[in-house]
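The structure appears below as structure tokens.
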Amino acid sequence: MAIDLADGRPLLPSTVAPGPAGRKLLGSLLEVRRDRIQFVENATREYGDFVAFRMGPKNLFLLRHPEHFRHVLADHSAKYVKGLGLAEARAFLGEGLLTADGVVWQQYRKLLEASFQGGRLDSYSSQIHGVAKSWLARVERMAHSGDVVVDVAHEMNLVTLRIVGLTQFGWDFGDECAATIAEDLHTLNDWAMRRMMSLVPLPLWMNPAAFQALGRLRTIALEILARVQKSDCNGIGSALASEPGGPEAARDQVLTFLLAGHETTARALAWAVGLLGGEDAGPVERLRAEAGRLGHVPALAELQQLEYTRMVFEETLRLYPSVWLLPRKAIAADCIDGFEIPKGADVLLSVYSLHRHPKYWVDPDSFLPERFAKDRAANRPAGCYLPFGLGKRACIGSRFGMLEGMMLLAMFAQRLRWRRVDAGAMPAEGTLSLQPRGGLRIRIAPVGAPMGA
């Protein structure tokens, strides 16, 4: 279906007449600003796998079919560069690995990918465990003090930032510094989303909060680089120490990994804890029993034996993919599924909608970890599960993220009991990542202690 965001008029030929339904569904630019996730879900539910629309002067194409993903991200990737949201993020991330394209991206990818291969992952496991143990000790002390409610989204930001700091740059920030970094990254993320939706986008320096946040983050990034020169870290910091592009280019890579290296895992962990904190205690008890078999400092091989933990984490990434939308801009004219994509158009690949596509998933909105059992996964249609993207720009840290996510989830279950404060749905907000709208509150207690009301 091809429609105009403003009034439902058709933009391209379609076998389904738009009529007043398009007007009712899409409304106006305000609807997109108010709830991006709901807008995407309404559009794909009503119009299917291919939705074309205008947003002000922009031509946009919203896609959710596996073949569309393969077309844009793999088979014809040379016709596309990073698009909406990520283009705005370039204002504070510069030419980092997340936002760069072309030769610049290729150089950085080659420079940094060795940090996530081979024996590096095994060496990271002990560092992840050490940070997680320190962080959990504080959370446990809070739990022992009585009836305690925490925002698990905030807590996961802290621990994952500390982990990326230690494993990749040789510096455990601690909770206080991590909280400052997380808040400044959130401020810039929010600015980028607002700018993306603005008809008159203003430069970053005209937003005092965002401008000051960027200044603080750049200062921290330069301090990280100075520390790397004196440390023996074996993460990306060691590669950036000899960055040929100079200190500003290295600084942009540090900021990119502070954001991307913590946010996606933090979001997935928060959603996992939320999903496990509902009325059904069966999944969390099964996960806790499996986690109880972990050794004192689990090695990579030991973590890979946590089958149910993996299933829970993968099902969480299906329901709530951290990278919920893959935006691309066409730098050449293209044709997808019979529809012409003009040069300059914005293509939005909705991972969120793909992962809940009723054609490929039974009971798609339900939390069912068993669907990721190995004997069932083999029968899943190709291309309908893409939590880490596809093609040459698939996530460089996917294996690291799985290792970190599984270890933190297992340790959390070992040490704590929890229940969601708000028993209803968990509303999601689509920013650069998929985050719980307004946070995600849980009531915590030590294992063996009664849970508060």
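Bear in mind that the values in this text are calculations on the coordinates, not laboratory data. Just so it is clear, the structure is predicted and the values come from calculations on it, not from any experiment. Ideal geometry is used to build each Cβ from the backbone, glycine not excepted, and the neighbour counts take in all protein chains shown.
In terms of its C-alpha gyration tensor, region 203-294 comes out oblate, because a/c is 1.5 or above while a/b does not outweigh b/c. For the set 79/359; 79/230; 343/392; 133/374; 58/392, the pairs lying more than 32 angstrom apart at their alpha carbons are 79/230. Among 336, 128, 341, 331, the order by Cβ neighbours within 10 angstrom, fewest to most, reads 331, 336, 341, 128.
What is region 93-145 by shape, rounded, prolate or oblate, if you read a ≥ b ≥ c off the alpha carbon gyration tensor as root eigenvalues and call it rounded for a/c under 1.5, prolate for a/b larger than b/c, and oblate otherwise?
Numbers: a/c = 7.34, a/b = 2.15, b/c = 3.42.
Judged from the Cα gyration tensor, region 93-145 comes out oblate (a/c at least 1.5, b/c at or above a/b).
The angle between the Cα long axis of helix 102-112 and the longest principal axis of the Cα atoms of the chain comes to about 10 degrees, rounded to the nearest 10. A cut-off under 13 angstrom between Cβ atoms defines the neighbours of residue 422, and their net charge, with Lys, Arg +1 and Asp, Glu -1, is +3. Net length available on complete extension from residue 117 to residue 41 is 23.7 nm, with 0.36 nm assigned per residue and the Cα-Cα distance removed. Shape class of region 408-453 from the Cα gyration tensor (axes a ≥ b ≥ c, square roots of the eigenvalues): oblate, since a/c reaches 1.5 or more and a/b does not exceed b/c. When 111, 217 are arranged by Cβ crowding within 10 Å, least crowded first, meaning fewest neighbours, the order is 111, 217.
Between 0 and 90 degrees, the angle of helix 247-276 with respect to the longest Cα principal axis of the chain falls at about 80 degrees.
Each part gets one Cα centre, and for region 48-70 versus region 256-304 those centres are 33 Å apart. Here is the size of region 311-453 from its Cα atoms: Rg then Dmax, 18.4, 62 Å. Applying 0.36 nm per residue to the separation of residue 106 and residue 205 and subtracting their alpha-carbon distance, the gain on full extension is 32.7 nm. Cβ-to-Cβ counts within 10 Å put 366, 231, 322 in ascending order as 366, 231, 322, the fewest first.
Length available on full extension from residue 368 to residue 343: 0.36 nm per residue minus the Cα-Cα distance, which gives 4.9 nm.
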